[in-house]
Amino acid sequence: MPKLPVLSGRELIRLLQKAGFEVVRQKGSHVSLRKGDRRTVVPLHDELAKGTLRDILNQCGLSRDDLLKLMEE
């Protein structure tokens with residue numbers, strides 16, 4: 001299984017928008033996104049911790065492979 005890439009919060013938001021998520025709101029340094037009944041919050045950090053990135057992907061229903069495919073597009 002491939003390793004998770006190092007991403008900033010803004011980079012992850014851009015990739016999630018490619019996957020169909022829309023920004024619902026922003027409060028401070030956190031951005032809420034939604035796609036159907038799936039919701040997540042992405043912190044706007046320069047570098048997301050691996051555990052945070054993994055949890056966000058789980059909340060979004062995306063796998064590591066899905067994330068890598070979005071990065072290639």
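May I ask you to verify whether HIS30 is modelled with pLDDT of 95 or more, surrounded by 12 or more Cβ atoms within 10 Å (Cβ to Cβ), under 18 Å from LEU67 (Cβ atoms) and not hydrophobic (A, V, I, L, M, F, W, C)?
In short, no.
Just for region 1-26: of the residues that are within 22 Å of GLY51 (Cβ to Cβ) and touching a strand residue (DSSP E or B) at 6+ places or on another chain (Cβ under 9 Å), which one is surrounded by the most Cβ atoms within 10 Å (Cβ to Cβ)? Walk me through it before giving the result.
First, pick out the residues of region 1-26 that are within 22 Å of GLY51 (Cβ to Cβ): 1-16, 19, 21.
In the following step, the residues that additionally are touching a strand residue (DSSP E or B) at 6+ places or on another chain (Cβ under 9 Å) were identified as 9-10, 12-13, 16, 19, 21.
Values: GLY9: 21, ARG10: 13, LEU12: 26, ILE13: 19, LEU16: 23, ALA19: 16, PHE21: 21.
Top of the filtered list is LEU12.
Which of the residues that make up region 39-63 are farther than 17 Å from PRO5 by Cβ and either in a loop (DSSP other than H, G, I, E, B) or in contact with a Cys (Cβ under 6 Å, 6 or more places away or on another chain) (or both)? Break it down stepwise before answering.
Quick first cut of region 39-63, residues farther than 17 Å from PRO5 by Cβ only: 39-41, 44, 59, 61.
Passing the criteria: THR40, LEU44, GLY61.
Could we say that VAL23 is under 12 Å from the mean Cα position of the chain (by Cα) and in a strand (DSSP E or B) here?
The answer is yes for VAL23.
The values are calculated or read from the model by the stated rules, or taken from the named source; none is laboratory data. The model shown is predicted, which means the values in this text are computed figures rather than measured ones. Reconstructed Cβ throughout: ideal geometry from the backbone, glycine too, with neighbour counts over all protein chains shown.
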